[in-house]
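Structure first, then comments.
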Amino acid sequence: MSYQKIKGTPDFLPEDTNKWQYIENHAKEILARYQFKEVRTPIFEQFELFSRGVGETSDIVSKEMYDFYDKGNRHIALRPEGTAGVVRSYVENKLYGPEHHKPLKYYYIAPMFRYERPQKGRMRQFHQLGVEVFGSSNPATDVETMALAMDIFKSFNIKNLKLVINSLGNIETRKIYRQALINYLEPHFDDLSKDSKERLYKNPLRVLDSKNKKDKEIVAEAPSILDYLDENSKNNFETVNEYLEALDINYEIDNNMVRGLDYYNDTIFEIMTEDPDFGSNTTVCAGGRYDGLVEEIGGPSTPGFGFGIGFERLVMLLENMEYDFPEVAALDIFIVTIGKETNKEAIKLASVLRAAGLNVEREFLNRKPTKQFKTADKLNAKYVFTLGENELNKGTINVKLLETGKETVLSLDKVSKGNIVEYLEEIENSLKD
């Protein structure tokens, strides 16, 4: 019997994981500049955590969740998004205590699971880089976190970035706006899509997010939520605009933009770019403020702000740009062995070189030297160390810098007992002259 991976799940082979590791390491450097620290939470949580936090009317909970009952008859769900689990951890570990400096800034890079139709850039197991900020209602937090997201994309030289923002106001704002939106949509009920008809009275703001062409035409003239903001939300949104301008970050306001998760309030945003594989205005990052979520999940009233970046989509964007991904663990040395008698010395030599901090591979299959040199080329080795019977008898090793093709000879004793890294630097300079 043959086995295949489940539809919508990926296999990442070394040529893929090299790209992923490079992007992760690069993004972590940017995150460190903003003082975000990594957290890791469970892949599965209580179903209720997501149904309460994300919202029962959201597509995630109503259509896409992978949920099951475990052997203890507990209702469990594979995490469909990262924020609810991090909020649960924040509450459970009492990170809101005064001993923790505020705001707390976390990031995670983790797999998520949603049951939806697999397509390019959208899988049933997918990965997100997410950030969460707890404890600050300062609009500067909104702007700095959006600037972080923009910096991550700009650091990869991704062009045509567009930041789109909106405000959803507070709970009272949305109650008033919700009714105004229902009043506007009801006369168009028969023309709405099936999903929008179902959402109209459960969560009418999601109708604004519909991808259906007819729905889009209908909501184009819908009332703007910005006209319903109370004084505090209005001032916050104006301040966000002001601070973005202070940082020379271009942005657009889309008063029909909403988020697919129920926990957002006030500032929300998306970062879009042009990509031929996905069409115009491809969303590559989205997030916003969620000041009521910590309280909803059992903690004290705590402001929050965050975003998520789809890793698969980011990788595809860079591939489409023909981005030059460096080798994450580049091979420093390939050891060519000639004759079975060299096997023992080769394993000792490889061990010494690795202990010195070098990345080393060696021959194991006793192939002809020409094939071994081809392998060294294919693996992009910097040096080839050749060890044969003649070298064993003389106590030497032949060293070749592949970049120039020039060679030299080193004492095996010197390699084993000396500072090989310094020797190699001297050799490289001499072989490049």
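Derivation of every value follows stated rules applied to the coordinates shown; laboratory data play no part. Bear in mind the structure is a predicted one, so any value in this text is a computation, not a measurement. Virtual Cβ from ideal backbone geometry, glycine too; neighbours counted across all protein chains shown.
Relative to the current alpha-carbon distance between E361 and D191, full extension at 0.36 nm per residue lengthens the span by 54.7 nm. Using a cut-off of 16 Å between alpha-carbon atoms, which lysines can reach K105, once sequence neighbours fewer than 8 places away in the same chain are excluded? Within the straight-line cut-off, K105 pairs with K28, K37, K94.
The simple spin-label model puts a point 7 Å past each Cα toward its Cβ; for R74 and E198 those points are separated by 3.0 nm.
The angle between the Cα long axis of helix 14-33 and the main principal axis of the chain comes to about 60°, on a 0 to 90 degree scale. Compared with the dominant principal axis of the Cα atoms in the chain, helix 311-320 is inclined by about 60°.
Please work out whether the chain counts as rounded, prolate or oblate from its C-alpha gyration tensor, where a ≥ b ≥ c are the square roots of the eigenvalues and a/c under 1.5 means rounded, while otherwise a/b larger than b/c means prolate and anything else oblate? Prolate is the answer for the chain, as a/c is 1.5 or above and a/b outweighs b/c. Each Cα pair under 8 Å and six or more residues apart adds its sequence gap; the mean of these over the residue count of the chain is a relative contact order of 15 percent.
Both numbers refer to the Cα atoms of the stretch 248-357; Rg and Dmax are 25.3, 75 Å. At full extension, V352 and F325 could sit 6.8 nm farther apart than now, given 0.36 nm per residue minus the alpha carbon distance. Computed from point charges on the beta carbon alone (+1 for Lys and Arg, -1 for Asp and Glu), the dipole magnitude for the stretch 333-432 about its Cα centre is near 380 Debye.
Select from F307, T370, L192 the residue farthest towards the positive end of the dipole of the chain; place +1 on Cβ of Lys and Arg, -1 on Cβ of Asp and Glu, and compute about the Cα centre. Projecting each Cα onto the dipole axis, the largest value belongs to T370. Can you tell me how the stretch 1-154 classifies by the Cα gyration tensor, rounded, prolate or oblate, using a/c under 1.5 as the rounded cut? Judged from the Cα gyration tensor, the stretch 1-154 comes out oblate (a/c at least 1.5, b/c at or above a/b).
From the Cα gyration tensor of the stretch 180-303, with a ≥ b ≥ c the square roots of its eigenvalues, which class applies: rounded if a/c is under 1.5, or else prolate if a/b is larger than b/c, or else oblate?
oblate
Could you check the simple spin-label distance between K374 and E116, using points 7 Å along Cα→Cβ, in nm with one decimal? For K374 paired with E116, the spin-label model returns 4.6 nm.
Helix 343-355 and the long axis of the chain differ in direction by around 50°, with both axes built from C-alpha atoms. Around Y34, with a cut-off of 12 angstrom between Cβ atoms, what is the net charge of the other residues, counting Lys and Arg +1 and Asp and Glu -1? Result for the neighbourhood of Y34: +1. Bridging of K234 to lysines at a Cα separation below 24 Å is possible for K162, K175, once same-chain residues fewer than 8 apart are set aside.
Other residues lying with their Cβ under 15 Å from the Cβ of Y108 contribute a combined charge of +1, Lys and Arg counting +1, Asp and Glu -1. Between K175 and N212, the FRET efficiency from the beta-carbon distance, with R0 = 41 Å, is close to 0.95. Electrostatic tally near E403: other residues with Cβ closer than 13 Å to its Cβ, Lys and Arg +1, Asp and Glu -1, net -1. Of the trypsin sites (Lys or Arg not before Pro) in the stretch 196-273, the ones in a loop by DSSP (not H, G, I, E or B) with at most 15 other beta carbons within 10 Å are K202, K211.
Based on Cα contacts under 8 Å between residues 6+ apart, the stretch 333-432 shows a relative contact order of 28 percent. Projected label points at K5 and S155, each 7 Å from Cα along the beta carbon direction, are separated by 2.6 nanometres. Full extension of the chain between N281 and F44 gives 82.1 nm of extra length, using 0.36 nm per residue less the Cα-Cα distance. Here K102 and E389 are evaluated by their C-beta separation; at R0 = 60 Å the FRET efficiency comes out at 0.30.
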